[in-house]
1. Kindly indicate whether residue B:195 is within 12 Å of another protein chain (Cβ to nearest Cβ) and either free of Cβ contacts under 8 Å to residues at least 60 places away in the same chain or on the phi > 0 side of the Ramachandran plot (or both).
2. Restricting the search to region B:9-18, which residues are facing chain A (nearest Cβ under 9 Å) and surrounded by fewer than 15 Cβ atoms within 10 Å (Cβ to Cβ)?
3. Which one of B:162, B:154 is under 20 Å from residue B:175 (Cβ atoms) and at pLDDT below 80?
4. Going by the structure shown, is residue A:161 within 27 Å of residue B:39 (Cα to Cα), in a loop (DSSP other than H, G, I, E, B) and touching a strand residue (DSSP E or B) at 6+ places or on another chain (Cβ under 8 Å)?
5. State all residues of region A:135-146 that are at the interface with another protein chain (Cβ under 7 Å from one of its Cβ atoms), surrounded by 19 or more Cβ atoms within 10 Å (Cβ to Cβ) and either closer than 16 Å to residue A:86 by Cβ or modelled with pLDDT under 85 (or both); if no residue qualifies, say none.
6. Tell me, which residue of region B:141-168 that is within 8 Å of chain A (Cβ to nearest Cβ) and assigned to a helix (DSSP H, G or I) is surrounded by the most Cβ atoms within 10 Å (Cβ to Cβ)?
7. List the number of the failed condition for residue B:120; all other conditions in (1) part of a helix (DSSP H, G or I); (2) at pLDDT 80 or above hold.
8. Kindly establish whether residue B:180 is within 14 Å of chain A (Cβ to nearest Cβ), touching a helix residue (DSSP H, G or I) at 6+ places or on another chain (Cβ under 9 Å), in contact (Cβ under 8 Å) with a residue 12 or more places away in the chain and within 16 Å of residue B:55 (Cα to Cα).
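The values are calculated or read from the model by the stated rules, or taken from the named source; none is laboratory data. Everything quoted here is computed from the prediction, not taken from an experiment. Glycine gets a Cβ as well: all are built from the backbone with ideal geometry, and neighbour counts include every protein chain shown.
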């Protein structure tokens, strides 16, 4: 049987003296196929996501008008944090003194230390952190403070409206350019 | 020197490309459409959201509020109930058009005309957002009242807020939640690592040690 050599690329020379039709190359150039593949990859990379977005679960307490039901916060165990603009945090322990002498300020880096100090110096059942964001505080600030509660394992905290005297104090402090740290 | 061939055999490259493609097709899920560009703040929380049936309250960085519904049927039901309760003159044709609407971001009175606008005018960037800041006219109250009654549950609310949005908008969203008994909600955040040495870190380590035992 005559040997049929149909394989081989188009570069091979025919056997000497054999007159056959010129063999067409069977090699396919795959460059466009690769382009197509990478195009589809890029499409999927930009339109899909591998992980579900993570979320912070928040629970709101029921507002009760009954004063006995409201959590009694001991003055000595309370730390009030006021969030103002430019990531500034004003804070005081216990009740706000009339002359504002216990009104201090910090930024977010120092916040964790302040919370830890308060936590270490108060018995666990008395510790309450009151968070009062003012109108210039951003969403990110609020989320960061709530995050700090989780990071430092603070069991009791509340987010309430800021009071008038505190707003005045913050305004005064901002005008004079910073409060005692 | 005789010239050598410069053509490279692309077979292997093609195999790699299709392997990567198969990986992405099988391992990923399509991203839900984003209403407006929101850069969410980060937090150490690792809880994941439930996949279906969420109601997303988006707060843009300028304080605009938009509502998005995952579930199309419930979306239509909410619209219909809003219409009957507050007399917004929304026809059935409008409700059918609401299928293609990405997000709601107009005052209630304008809902009827909003639904009849062409799709190009319904883009969230062009809308003014649901009015919330006026405490007497926090329309989220009405929306959430209807949402709560249609969905009959209180754990599907999600807040996707931009980090730069100011607190008063967030407060009005929370107030609207409270008024309508939606006591649980999720805030979408970017994943942040827990710093070593903190109380939460120690808690996580002890949990890991317990499950490893």
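1. Spelling it out, residue B:195 is indeed within 12 Å of another protein chain (Cβ to nearest Cβ) and either free of Cβ contacts under 8 Å to residues at least 60 places away in the same chain or on the phi > 0 side of the Ramachandran plot (or both).
2. Selection gives B:9, B:11, B:16.
3. B:154
4. Judged against the criteria, residue A:161 is a match.
5. Once the filter is applied, which keeps residues that are at the interface with another protein chain (Cβ under 7 Å from one of its Cβ atoms), surrounded by 19 or more Cβ atoms within 10 Å (Cβ to Cβ) and either closer than 16 Å to residue A:86 by Cβ or modelled with pLDDT under 85 (or both), region A:135-146 yields A:137, A:138, A:139, A:140, A:142, A:144.
6. Filtering first and then ranking leaves B:167.
7. Looking at each condition in turn, residue B:120 falls short on (2).
8. Taking the combined requirement at face value, the residue satisfies it.
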